[in-house]
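Structure record follows, encoded as structure tokens.
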Amino acid sequence: MQRKSLWGSYKAISPRTRIMIGVGGMIFATTGMLLSEHLEKQYPATEDEKLQAEALSPVTVVDHVDKK
């Protein structure tokens, strides 16, 4: 017996089940985003946590200046 790939196994299930898996994933993701937003409002970050997060993402913003 030949083993199916993940994509082959996914394609083998019924279309209705695939739709339900997709909708379930979207509901899970939306719930997670809303819950995290609620928790961030309920428990705001301390100043130390903000500085630590800022240090982890070394992004430098450079303003655009037109050359004349």
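Below are the figures for this structure:
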| quantity | calculated |
| --- | --- |
| Region 1-22: number of residues that are more than 26 Å from the chain's Cα centre (by Cα) and polar (S, T, N, Q) | 2 |
| Residue match in region 47-56 (condition: surrounded by fewer than 10 Cβ atoms within 10 Å (Cβ to Cβ) and among the small types (G, A, S)) | yes |
| Search result, residues across region 1-43 that are surrounded by 10 or more Cβ atoms within 10 Å (Cβ to Cβ), modelled with pLDDT of 95 or more and assigned to a loop (DSSP other than H, G, I, E, B) | I13 |
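The values are calculated or read from the model by the stated rules, or taken from the named source; none is laboratory data. Predicted model only: the values in this text are computed from it and were never measured. Cβ: placed from backbone, ideal geometry, glycine included. Neighbour counts: every protein chain shown.
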